[in-house]
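To start, the structure itself, in structure tokens.
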Amino acid sequence: MKRAQLAGTLDVTVMGLGTAPLGGLFAPVSDAGAEATIERAWSLGVRYFDTAPLYAFGLADRRLGRFLRHQERESFAVSTKVGRLLRPSGAAPAEDNHYKGTPAERPKLDYSYDGVMRSVEESLGRLGLDRVDVLLVHDPDEYYDEAVAGAFRALQRLRDDGTVRAIGAGMNQSEMLVRFAEAVPVDCFLLAGRYTLLDQGALKTLFPICLSRKIGIMLGGIYNSGILAGPGAGAKFNYEDADAALVTRARELEGLCRKHGTELKAAAIQFCMAHPAVTVALQGARSAAEVADNFAMAERPVPPEFWRELRERSLVDAHAPLPGEG
């Protein structure tokens, strides 16, 4: 698998495995199924893995750690996130809206300096590793001031003393990431769902500042929670049921792919990777078969005529770079 430098500090594979589905996002996943999924990603050359305490409330961490702790530590890179501490919920918790088959612990928001330090220690315990490579402040949408004053101060200390290699934030919006880029010496961002075939919100705001400041971009949500993997009934967008207008747009894109003999998933991932600001594409999967399919899509031929018609029909922003251009 191709490799690249993330923010000039870390050698990574350009494709990574996101672990939210392994924690039962939308549907439960067995321990055996999660293990087979990670093993298949590894066999395909994936050496970058992203996790977070939020993903099934620690379950994704534990499943990923059970595999990685048996691998040579220098052979892979891991990112995790801070901002949530997992704590017992007391009474039997209600089933979560997104994660199924989870432990009883539930996340408690904490973007303080001390909270971040505890979060890192607890994440390492669940993973069974002595360190992670990238630390990201996770979804501080309503907590910008706390993140700058507390969380990022902790992350800078951990980077300065060599505990981690790179720091940044992971969010489902680009506007606050722009603010962080201007206020904090970050190395990278994980942007979920805001640069896809359906949403190019980061194109004119976040990406230019990241290019100018050499801030690496890891993209998640490339299929926008599933709608770009199959825009049928029940398709998800931004973790919720997609509205009719989005389904119509996705089906138009799917029809264009069929016209040119390719697949929507292939176009989705190759569109994302064509932007020079993007270093890593993170693909979530809940089975070994999904992993194989996702990574095959990165190599599936997409004819130049498809990209040309995509541009001519104004189905993406006119300024978005397309594969084969430049």
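Side notes on the structure shown:
- Qualifying positions in the range 84-99 - under 20 Å from the mean Cα position of the chain (by Cα), modelled with pLDDT under 90 and open to solvent by less than 60 Å² (accessible area, probe 1.4 Å): HIS98
- Test for LEU264: is it aliphatic (A, V, I, L, M) and open to solvent by less than 20 Å² (accessible area, probe 1.4 Å): yes
- Test: residue in the range 24-44 that is closer than 30 Å to VAL278 by Cβ, buried (at least 23 other Cβ atoms within 10 Å of the Cβ), at pLDDT below 95 and touching a Phe, Trp or Tyr at 6+ places or on another chain (Cβ under 9 Å): yes
- Of the criteria (1) at pLDDT 95 or above; (2) surrounded by 15 or more Cβ atoms within 10 Å (Cβ to Cβ), which one THR102 fails: (1)
- Residue among ALA166, ALA147, ALA181 that is touching a residue at least 40 places away in the same chain (Cβ under 8 Å) and more than 18 Å from the chain's Cα centre (by Cα): ALA147
- Criterion violated by LYS81 - all others in (1) in contact with a Gly (Cβ under 6 Å, 6 or more places away or on another chain); (2) part of a strand (DSSP E or B); (3) at pLDDT below 95 satisfied: (3)
- Residue within the range 48-56 that is open to solvent by 40 Å² or more (accessible area, probe 1.4 Å) and not in a strand (DSSP E or B) present: no
- Residue check: ASP243 meets all listed conditions (1) of a type in the set (D, E, K, R); (2) crowded, with 23+ Cβ neighbours inside 10 Å; (3) free of Cβ contacts under 8 Å to residues at least 24 places away in the same chain but one, namely (2).
- Test: residue in the range 280-293 that is within 30 Å of PRO28 (Cβ to Cβ) and in contact with a His (Cβ under 9 Å, 6 or more places away or on another chain): no
The values are calculated or read from the model by the stated rules, or taken from the named source; none is laboratory data. Computed from a predicted model, the values in this text were never measured in an experiment. A quick note on method: Cβ atoms are made from the backbone with ideal geometry, for glycine too, and the neighbour counts reach across all protein chains shown. Note: accessible area is taken over every heavy atom of the protein model, side chains too, but ligands, DNA and RNA are not part of it. Shrake-Rupley method; radii C 1.70, N 1.55, O 1.52, S 1.80 Å.
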